[in-house]
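As structure tokens, the structure follows; a few thoughts come after it.
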């Protein structure tokens, strides 16, 4: 085992050494190999403040978001070199790593906004809506409002949109809406902010979304409204959306109604709420029919 670990360490260091020498050929097959500490050649290059090695490794396809044993990526060490920070951010470094927020703050202090937007675009192309943008990371430290305010002013529309649909902070959502982001934006699955609030059982976020005029009846790609999702997740959310006038007779693209889903997957409370609502709706229809017949 020891010999194997030593062999891996040798291979990692060989790739790193090759990257440091302009004319050396980099062994691409080992470019993302890690030593026993979890360090890849790119992490070693960032730790060594070797911009040329970082640049060559990235150009040869090194994965820049691999983490070592303590959760650090190449970005975690980029505070040691602004040129390294600049290129890592531009290539799509993920700020969710250890010390990632510090790296983001340093990038903002050095006006690397083009690089931040470029990196967010690359991450979006690779992961869709499934990553924390610079704004999301900044919002996790509410004491540093200036960082968040600066990013909202400087980040492009894509970053703002993804941030809205990843946000769990009402303050961040408020700031994004104030910056002109449409409350009814949706992700690749058709989920709006209200859908996400239901999926995360975040009643306060749902309340804010409704107060901001989100479309309560918006459907995702499978035909689910936020209410239809709530049926099998939270009766509290169900009751809230019902109080807002959500359509309880909705159905998804497979024809599954709120009541049929409650009977299959929901709680007794959910079934009771929908059964009661169904009876009320029938009573209203009977009254309307009676009035109509009387008029005739």
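Which condition from (1) surrounded by 15 or more Cβ atoms within 10 Å (Cβ to Cβ); (2) closer than 24 Å to residue 117 by Cβ is the one that residue 206 breaks? Condition (2) is where residue 206 drops out.
Among the residues of segment 154-169, those identified as assigned to a helix (DSSP H, G or I) and more than 20 Å from residue 199 (Cα to Cα) are 154, 157, 158, 159, 160. Scanning segment 48-64 for residues that are surrounded by 19 or more Cβ atoms within 10 Å (Cβ to Cβ) and under 28 Å from the mean Cα position of the chain (by Cα) returns 54, 57, 58, 62, 64. Within the set 263, 285, 279, the sole residue that is over 24 Å from residue 164 (Cβ atoms), modelled with pLDDT of 90 or more and either surrounded by fewer than 21 Cβ atoms within 10 Å (Cβ to Cβ) or out of contact with any helix residue (DSSP H, G or I) (no Cβ under 7 Å at 6 or more places or on another chain) (or both) turns out to be 263. Restricting segment 97-123 to residues that are outside any helix (DSSP H, G or I) and crowded, with 16+ Cβ neighbours inside 10 Å leaves a set whose member that is modelled with the highest pLDDT is 112. For segment 8-32, filtered to residues that are surrounded by fewer than 12 Cβ atoms within 10 Å (Cβ to Cβ) and part of a loop (DSSP other than H, G, I, E, B), the residue that is modelled with the highest pLDDT is 25. Of all residue pairs spaced 6 or more apart or on separate chains, none has beta-carbon atoms under 6 Å together with a first member in segment 201-215 that is without any contact (Cβ under 8 Å) to a residue 12 or more places away in the chain and at positive phi and a second member that is in a helix (DSSP H, G or I) and surrounded by 14 or more Cβ atoms within 10 Å (Cβ to Cβ). Would you say residue 254 is touching a residue at least 24 places away in the same chain (Cβ under 8 Å) and either in contact with a strand residue (DSSP E or B) (Cβ under 7 Å, 6 or more places away or on another chain) or under 30 Å from residue 126 (Cβ atoms) (or both)? No: the conditions fail for residue 254. Would you mind stating whether residue 68 is part of a loop (DSSP other than H, G, I, E, B) and surrounded by 14 or more Cβ atoms within 10 Å (Cβ to Cβ)? Taking the combined requirement at face value, the residue satisfies it. Summed over segment 127-153, residues that are part of a helix (DSSP H, G or I), modelled with pLDDT of 95 or more and closer than 20 Å to residue 185 by Cα total 7.
Return yes when residue 90 is surrounded by fewer than 20 Cβ atoms within 10 Å (Cβ to Cβ), in contact (Cβ under 8 Å) with a residue 24 or more places away in the chain, in contact with a helix residue (DSSP H, G or I) (Cβ under 6 Å, 6 or more places away or on another chain) and under 24 Å from residue 159 (Cα atoms) and no when it is not. In short, yes. All conditions in (1) modelled with pLDDT under 95; (2) within 24 Å of residue 123 (Cα to Cα); (3) not in a loop (DSSP other than H, G, I, E, B) hold for residue 5, with the sole exception of (2).
The values are calculated or read from the model by the stated rules, or taken from the named source; none is laboratory data. Please read all numbers here as calculations on a predicted model, not as lab measurements. As a convention, Cβ positions derive from the backbone with ideal geometry for all residues, glycine included, and neighbour counts pool all protein chains shown.
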